[in-house]
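What follows is one structure encoded as structure tokens, with my remarks underneath.
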Protein chains: 2
Amino acid sequence: MQQKNTPTDIDTLMAGIGRAARAAAAELAVAPSYQKDAALNAAARALRESVPSVLAANAKDLESARNAGRPASFIDRLALDEKRIEAIAVGLEEIARLDDPVGQVMAEWTRPNKLRFERVRVPLGVIGIIYESRPNVTADAGGLCLKSGNAAILRGGSESHHSSRAIHACIVAGLRAAQLPEAAIQLVPTTDREAVGAMLRGLDGNIDVIVPRGGKSLVGRVQEEARVPVFAHLEGICHTYVDRGADIDEAVCVVVNAKMRRTGVCGATECLLVDQGAPADFLPRLVTALLEAGCEVRGDEPTQAVDARVKAAAPDDYGHEFLDAIIAVKVVDGVDEAIAHIARYGSQHTDAILTWCTGTAERFVKHVDSAIVVVNASTQFADGGEFGFGAEIGISTGRMHARGPVGVEQLTTFKYVVRGAGQVRPV
Amino acid sequence: MQQKNTPTDIDTLMAGIGRAARAAAAELAVAPSYQKDAALNAAARALRESVPSVLAANAKDLESARNAGRPASFIDRLALDEKRIEAIAVGLEEIARLDDPVGQVMAEWTRPNKLRFERVRVPLGVIGIIYESRPNVTADAGGLCLKSGNAAILRGGSESHHSSRAIHACIVAGLRAAQLPEAAIQLVPTTDREAVGAMLRGLDGNIDVIVPRGGKSLVGRVQEEARVPVFAHLEGICHTYVDRGADIDEAVCVVVNAKMRRTGVCGATECLLVDQGAPADFLPRLVTALLEAGCEVRGDEPTQAVDARVKAAAPDDYGHEFLDAIIAVKVVDGVDEAIAHIARYGSQHTDAILTWCTGTAERFVKHVDSAIVVVNASTQFADGGEFGFGAEIGISTGRMHARGPVGVEQLTTFKYVVRGAGQVRPV
């Protein structure tokens, strides 16, 4: 194996990409907003002008995927059409319109010795994005990194490689038009998996953070092997707890939305907890509404007693991310058992309580240790756009630096600027 | 080696410490401020009441250190007396008086759909502190972790073990008096180095961050081997650049202070850069003042021409952390060469410019990528206390989460609390 020179070639290639990214990051960190926005808008224009070539590239990827017998859902994620390309272009323009986080003064104060302190936002540096076969991530993630002054190293799925290359060419055209370094957003030009390994090792200190975008196996591998910080969540095992203090009409709407609006997103509720002290109609109304919405309900004994269509929940249905029209339901002894259940089975992503009892809500908010805790609303609001962040590169369940939706602000760090007038420090 | 059961014993011991810390962290995270402050104040009282036993324990450590032929500086760091114990007790009381960061609302906003968002500070979780033979760190670091709602696992140097145990006993007495879990601040009861390895591996996910306190070799090992985030700086290679726009009287005072106030601290200036476009008296006045203050000056050719006492700088004197009364001096071609020198030789800790030309100062602030950038003041202000943070557990040159002085705020993360009135997310 030592004789095989492909790994060495890949390592050399990736090391060069890392160095180029670091050099570009230094330029991007001090690039003015108008220049970054000009690049984003020019990339959107280039994308609109390149619809035929992007579609032609996508057709190659689609053909390979069909020949490989990929399922329809995979093909759908991979497929581009004029409407989807337009959406990608609009997405870039929307990123251009976001406020530039770089240079924002996050805090300022003056000490008694008249030293003035500022905490100023600066980019993180170089961000590595490892994603599966959604070609739009090439533009979305690259655009968010650029806006926040970071260089991006994109490693897309091999099955969308032609599409990603075509989209990347448009982004490079945008960078060139704005006279920004082309290495600001690089696409790894090989589908060799060894390139991913090199990125996870951090390219000799030239990657500051890795963002994986894809399924659980990709995220799990990245979290396990990365030697640099990772912004991600492995699973979104979201709970909604309906307390005795809930408005049941409201709760029925919210629970059905939390589960069924989109079942494949990380903010979808996977487990419904119902207070056993709630009025007797709560559980049947919730279960019936879910069943009628087309959801499979897997419940404990009290839940099964509600409706013959309820299946018995297996122990591992709790703490399971279905990403489908299936929900686990359990009756719990009030808010404290709900909190304990979430601590045991949750994934610290997004958990909700429905109650109009303020004390109970505050108890839940205080004790549930999740990135997002929701009171009286749907867990499906777990999304950077809904938070007002404009766009997100993902949602993090990590405790360090970025937690919850990761938007342009979360792609920055800060430095302290201390301004004086000749102050010296007394002994 | 597999037969030797000591490592297994240590692993079992450390795993138990990790689990106990995690359980304690859950209680601390929701403990009210008054309870944490009561523990800190009770620990201070216990320390004052235990002066004889702490001194007796310290005497054992001192005897071993003297027998081992440790240098005077080591003995001095290790030695306690009544005054130093009183200072530790006062330090705990000062931490008690700091504002509690936990529960602070860092940001709040409302979206058009009337969902209200709050970003609320919460503790990081469990903090591992690995330190050398300064027994006071036991109280300082433990106290900062407690105040910020984190559990602490303290692993002190073997040579201060008796002293640390005696101080730790007082802290536990404080926790007990306030009815907080004793495992909130644990001291690793063994001096086996394998315990450090176990901490660096994260104790099965039961350590969220490691803070090393000690010399470069300790910090380097921790940064290299830790599988969890580390808050630290390896070196403080701080620069002061004197621009042509400086007030030379002010610059002389600031440079002497930046180098000589304390030469052993991480914020001490190690390299002076002087603008070649500055008036002819700048360089001689700066060099003479340093020499007269007792500093050895190692300079480039123009600097050597100033005074016969100036030694020739070797290439590796630039980028060297002397931690002593020695300074490297170089004449540079204006602010841009100063920025380039700092990018090449600095450690992204603290770097200063002295100038009254605003444009030059802003150029330096923008382009120098250090945790702390100082204008017209001494680099020795790099200190959490001087920043107004009350106390610090260290200074971080990392880009993620904590950068610059790490005080109680930096020992927290946040969660989002989203409050609604039955909102569901439209498709």
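For the stretch B:212-231, the condition of being in a loop (DSSP other than H, G, I, E, B) and farther than 28 Å from B:Arg399 by Cβ holds for none of the residues. Residues in the stretch B:296-343 that are under 26 Å from the mean Cα position of the chain (by Cα) and in a loop (DSSP other than H, G, I, E, B) were compared, and the one that is nearest to the other protein chains (Cβ to nearest Cβ) is B:Ala325.
For the stretch B:184-211, a residue qualifies if it is farther than 22 Å from B:Glu392 by Cα and outside any loop (DSSP other than H, G, I, E, B), and the qualifying residues are B:Glu194, B:Ala195, B:Val196, B:Gly197, B:Ala198.
Okay, residues lined up against (1) over 21 Å from the mean Cα position of the chain (by Cα); (2) under 30 Å from A:Glu337 (Cα atoms); (3) of a type outside the set (Asp, Glu):
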site	(1), (2), (3)
A:Arg165	yes, no, yes
A:Leu175	yes, no, yes
A:Val209	no, no, yes
A:Glu225	no, no, no
A:Gly236	no, yes, yes
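Of the residues A:Ile130, A:Ile75, the single one that is in contact (Cβ under 8 Å) with a residue 24 or more places away in the chain and either within 17 Å of A:His161 (Cα to Cα) or not hydroxyl-bearing (Ser, Thr, Tyr) (or both) is A:Ile130.
Are any of the residues in the stretch B:348-368 more than 8 Å from every other protein chain (Cβ to nearest Cβ), in a loop (DSSP other than H, G, I, E, B) and acidic (Asp, Glu)? No; the residues of the stretch B:348-368 include none that is more than 8 Å from every other protein chain (Cβ to nearest Cβ), in a loop (DSSP other than H, G, I, E, B) and acidic (Asp, Glu).
Residue by residue through the stretch A:128-137, note down the ones that are closer than 24 Å to A:Ile85 by Cβ and out of contact with any Gly (no Cβ under 6 Å at 6 or more places or on another chain). Steps first, please.
Of the residues in the stretch A:128-137, the ones closer than 24 Å to A:Ile85 by Cβ are A:129-137.
Hits for the stretch A:128-137 are A:Ile129, A:Ile130, A:Arg134, A:Pro135, A:Asn136, A:Val137.
Of the residues making up the stretch A:384-399, those that are of a type in the set (A, V, I, L, M, F, W, C) and crowded, with 23+ Cβ neighbours inside 10 Å are A:Ile393, A:Ile395. Might you let me know whether the stretch A:272-288 holds any residue that is outside any helix (DSSP H, G or I), buried (at least 21 other Cβ atoms within 10 Å of the Cβ) and within 14 Å of chain B (Cβ to nearest Cβ)? Within the stretch A:272-288, none of the residues are outside any helix (DSSP H, G or I), buried (at least 21 other Cβ atoms within 10 Å of the Cβ) and within 14 Å of chain B (Cβ to nearest Cβ).
Being of a type outside the set (Gly, Ala, Ser) and over 28 Å from A:Glu301 (Cβ atoms), is that true of even one residue in the stretch A:326-333? Give the derivation first.
Start the filter on the stretch A:326-333 by keeping residues that are of a type outside the set (Gly, Ala, Ser), which leaves A:326-327, A:329-333.
When the remaining residues are screened for being over 28 Å from A:Glu301 (Cβ atoms), the result is none.
Within the stretch A:326-333, none of the residues are of a type outside the set (Gly, Ala, Ser) and over 28 Å from A:Glu301 (Cβ atoms).
Can you tell me which residue within the stretch B:45-103, out of those that are closer than 30 Å to B:Glu27 by Cα and of a type in the set (Val, Ile, Thr), is surrounded by the most Cβ atoms within 10 Å (Cβ to Cβ)? For the stretch B:45-103, the residue satisfying everything is B:Ile95.
On the given criteria, is A:Val122 in contact with a helix residue (DSSP H, G or I) (Cβ under 6 Å, 6 or more places away or on another chain), within 30 Å of A:Ala169 (Cα to Cα), at pLDDT 95 or above and within 11 Å of chain B (Cβ to nearest Cβ)?
Numbers: in contact with a helix residue (DSSP H, G or I) (Cβ under 6 Å, 6 or more places away or on another chain): no; within 30 Å of A:Ala169 (Cα to Cα): yes; at pLDDT 95 or above: yes; within 11 Å of chain B (Cβ to nearest Cβ): yes.
Considered against the rule, which asks whether it is in contact with a helix residue (DSSP H, G or I) (Cβ under 6 Å, 6 or more places away or on another chain), within 30 Å of A:Ala169 (Cα to Cα), at pLDDT 95 or above and within 11 Å of chain B (Cβ to nearest Cβ), A:Val122 comes out as no.
Each residue in the stretch A:351-370 was checked for being in contact with a strand residue (DSSP E or B) (Cβ under 8 Å, 6 or more places away or on another chain) and closer than 22 Å to B:Ala107 by Cβ, and 9 of them qualify. Is the stretch A:363-383 home to any residue that is small (Gly, Ala, Ser), surrounded by fewer than 23 Cβ atoms within 10 Å (Cβ to Cβ) and either farther than 30 Å from B:Val265 by Cα or in the same structural domain as A:Ile127 (by TED's automatic domain parsing) (or both)? No.
Return the only residue of A:Arg399, A:Arg425 being in contact with a Gly (Cβ under 7 Å, 6 or more places away or on another chain) and either assigned to a helix (DSSP H, G or I) or closer than 30 Å to B:Gly267 by Cα (or both).
Of A:Arg399, A:Arg425, the one residue that is in contact with a Gly (Cβ under 7 Å, 6 or more places away or on another chain) and either assigned to a helix (DSSP H, G or I) or closer than 30 Å to B:Gly267 by Cα (or both) is A:Arg399.
Annotation for the stretch A:248-260: no member residue is surrounded by 15 or more Cβ atoms within 10 Å (Cβ to Cβ), assigned to a loop (DSSP other than H, G, I, E, B) and in contact with a strand residue (DSSP E or B) (Cβ under 8 Å, 6 or more places away or on another chain). Of the residues A:Glu296, A:Glu235, the single one that is under 30 Å from A:Asn376 (Cα atoms) and surrounded by fewer than 16 Cβ atoms within 10 Å (Cβ to Cβ) is A:Glu296.
Report yes if some residue within the stretch A:273-289 is under 21 Å from the mean Cα position of the chain (by Cα) and closer than 20 Å to B:Val418 by Cα; otherwise report no.
Of the stretch A:273-289, the ones under 21 Å from the mean Cα position of the chain (by Cα) are none.
Looking through the stretch A:273-289, none of the residues is under 21 Å from the mean Cα position of the chain (by Cα) and closer than 20 Å to B:Val418 by Cα.
Going by what's in this entry, would A:Ser53 be described as under 22 Å from the mean Cα position of the chain (by Cα) and small (Gly, Ala, Ser)? Give the derivation first.
Values: under 22 Å from the mean Cα position of the chain (by Cα): no; small (Gly, Ala, Ser): yes.
No; evaluated as a whole, the condition is false for this residue.
The residue that is farthest from the other protein chains (Cβ to nearest Cβ), counting only those in the stretch B:371-422 that are of a type in the set (Ser, Thr, Tyr) and closer than 30 Å to B:Arg111 by Cα, is B:Thr412. I need the full set of residues from the stretch B:88-103 which are in a helix (DSSP H, G or I) and either over 28 Å from B:Pro32 (Cβ atoms) or acidic (Asp, Glu) (or both), in order please. Selection gives B:Glu93, B:Glu94.
The values are calculated or read from the model by the stated rules, or taken from the named source; none is laboratory data. No experiment lies behind these values; they were computed from the predicted model shown. FYI the Cβ positions are ideal-geometry reconstructions off the backbone, even for glycines, and counts take in every protein chain you see.
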